[in-house]
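Below: one structure, written as structure tokens.
The values are calculated or read from the model by the stated rules, or taken from the named source; none is laboratory data. Everything quoted here is computed from the prediction, not taken from an experiment. Please note: Cβ atoms are built from the backbone with ideal geometry, for glycine as well, and neighbour counts cover all protein chains shown.
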Amino acid sequence: MNKLLYNKFTFIIVCIISLTLLSSFVYQTFVVEEVTPLIDNESDENFNNTIQLNILNGCGEAGLAAKIKEYFRKREFDVVEIGNFKYETEKSLVIDRIGDLRSALKVARTIGVADSLVSTNIDSTMYLRTTLVIGKDWKTLEAFKEWRKFYSMMN
């Protein structure tokens with residue numbers, strides 16, 4: 001009797017795990033929108049219709065902003081500058097610089113930063129749309145899953 005109960009319990013757990021994996025696959029395949037580096041508002045008077053951003057290292061890991069710059073450039077974003085953030089931050093975040101929240105959300109979704117970590121801080125002197133600040137959580141960002149595997153094999 002005890003073995004029958006154990007087998008039913010095991011079957012239920014396997015079914016729950018299978019349904020979870022299947023629903024995740026369906027969501028990633030059919031629901032998640034493709035992120036493009038183009039600005040949504042094509043009537044914008046800007047010469048360049050590709051999202052321009054700067055990447056700031058807020059985690060203290062040397063050379064990380066340069067690696068992430070290449071990640072975005074391969075996806076055809078226009079990374080105009082890299083540098084260091086004024087202080088270290090635990091979470092990565094995205095800052096909208098001109099009141100174009102849609103572009104900031106595209107940058108966030110490209111790297112895997114939660115929408116709740118996207119904010120607006122308009123700064124017309126920066127001549128770009130978005131700032132990406134890489135925090136100490138950079139290893140957990142979904143966009144770097146494959147890169148992390150490679151990185152861990154090299155170290």
All but one of (1) modelled with pLDDT of 85 or more; (2) over 25 Å from THR120 (Cβ atoms) hold for ILE68; which doesn't? (2)
Qualifying residue in region 75-85 (condition: under 14 Å from VAL133 (Cα atoms), surrounded by 19 or more Cβ atoms within 10 Å (Cβ to Cβ) and within 14 Å of the chain's Cα centre (by Cα)): no
Among what's in region 86-106 and is acidic (Asp, Glu) and either at pLDDT below 95 or farther than 19 Å from ASN57 by Cβ (or both), pick the residue that is surrounded by the fewest Cβ atoms within 10 Å (Cβ to Cβ). GLU88
Across region 46-55, what is the total count of residues that are modelled with pLDDT of 90 or more and either part of a helix (DSSP H, G or I) or surrounded by fewer than 19 Cβ atoms within 10 Å (Cβ to Cβ) (or both)? 0
Answer yes or no as to whether GLU70 is over 21 Å from GLU142 (Cβ atoms) and either among the small types (Gly, Ala, Ser) or not in a loop (DSSP other than H, G, I, E, B) (or both). no
Right, ARG109: exposed (fewer than 15 other Cβ atoms within 10 Å of the Cβ), in the same structural domain as GLY63 (by TED's automatic domain parsing) and part of a helix (DSSP H, G or I) or not? no
Single residue of region 112-135 satisfying the filter (touching a Ser or Thr at 6+ places or on another chain (Cβ under 7 Å) and part of a loop (DSSP other than H, G, I, E, B)) that is surrounded by the most Cβ atoms within 10 Å (Cβ to Cβ): ARG129
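For region 131-138, state whether one or more residues are of a type in the set (Val, Ile, Thr) and either over 23 Å from ASN49 (Cα atoms) or more than 15 Å from the chain's Cα centre (by Cα) (or both).
Yes, because at least one residue in region 131-138 is of a type in the set (Val, Ile, Thr) and either over 23 Å from ASN49 (Cα atoms) or more than 15 Å from the chain's Cα centre (by Cα) (or both).
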